[in-house]
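Here is the structure we will look at.
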Amino acid sequence: MIRKIQLLVGLLAIAFISSCNFTEEIDIQEDGSGKLSIKFDGSDMMEMGGEELAKTNEKAVDSIISFKEFLEEHKDSIAQLAPEEQAKLKRLEPFNLRMVMDPEKKEMLFDLFSDFKDISEVNNAFNTFQEASMLGPNSQQAPAPMPASEQATEVYYSFAKNKFTRTAKIVNEALFQKQLDSMQGAEMFLSGSSYTLKYHFPKKVKSTTAEGATFSADGKTMIYQVDFLDLMKNPALLDLEVELEK
């Protein structure tokens, strides 16, 4: 089982240069608490490589890793790391990672999720998702568009007085440009990939700056999708504001 989990996490790292579809789902309650989930659907990836994985003759996996437990179990080793590396791992603590893989059914799913009392607690969740991919045994050799050791962008959430905002900011311009340059060779693989927002609010949406967003019948769920490659080139593409009815 441990070996299969390591394989899954290694595949997660590789997923960042493969065709990928991400869903960022947030469920906010009226008091501001809720749950955030970043999901990666690797079905297309399994279509390409599932036969090789099936040759391992291992059973399908549906496992959940608690990073709080993971950090506790490895606290002695972690204490020997540099302070910045310890801080990076500490950011994973509130999260859990569900990993599903079934080579025969060509299914692969990663779901990083966390409950929160205030949505600001889960800022930079996508960066955290990438950092989770660095825990595999071969993670140092696995290429990724955005290295977990240093991030060029940050995402901030806020929810107050019936108003929700999502804002991205480039915090390291030089690194961001370097990442854009490194992605040029991966554009063919990333073509057709998507990043979808699925937000559930406690009240009906009155207005939003997300042009083209769709809504549930009750008006409380908003869905907004963009091209993944476009988002990597322009993090502000998903900057938005949502105002709820009073």
Within a Cβ distance under 14 Å of T209, other residues only, what is the Lys/Arg minus Asp/Glu net charge?
-1
Under a 5 Å amide H to amide H cut-off, with H placed in plane at 1.01 Å, what residues pair with S158 once short-range neighbours are removed?
T165
So, R0 is 45 Å and r is the distance between the beta-carbons of A213 and E72; what FRET efficiency does that work out to, to 0.05?
0.65
Inter-site label distance for V226 and Q29 at 7 Å from Cα along Cβ, in nm
3.0 nm
Which residues' amide hydrogens lie under 5 Å from the amide hydrogen of I65, considering only partners 5 or more residues apart or on another chain, with H built in the peptide plane?
L97, R98, M99
The ³J(HN,Hα) series, computed from each phi in the range 102-111 with the Karplus coefficients 6.51, -1.76 and 1.60 at θ = phi - 60°, rounded to the nearest Hz and given as x for glycine or proline, is 9, x, 5, 8, 6, 10, 8, 9, 10, 9
Taking θ as phi - 60°, what are the ³J(HN,Hα) couplings along the range 159-169 by the Karplus curve (6.51, -1.76, 1.60), each to the nearest whole Hz, with x for Gly and Pro?
8, 7, 6, 6, 10, 10, 9, 10, 9, 10, 9
If amide H atoms are built 1.01 Å from N in the plane of the peptide, which residues on other chains or at least 5 residues away come under 5 Å of the amide H of S194?
C20, N21, F22, F228
Quote to one decimal, in nm, the extra length available between T165 and K178 on full extension: 0.36 nm per residue of separation minus the C-alpha distance between them.
1.9 nm
Ranked by how many other beta carbons lie within 10 Å on average, peptides 86-97, 61-72 from highest
86-97, 61-72
Mind checking which lysines have their C-alpha under 25 Å from K163, skipping anything on the same chain fewer than 8 residues away?
K35, K39, K117, K198, K203, K204, K206, K220, K246
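Bear in mind that the values in this text are calculations on the coordinates, not laboratory data. Owing to the predicted nature of the structure, the values given are computational and were not obtained by experimental measurement. Cβ coordinates were reconstructed from backbone atoms using ideal geometry, including for glycine residues, and neighbour counts include every protein chain displayed.
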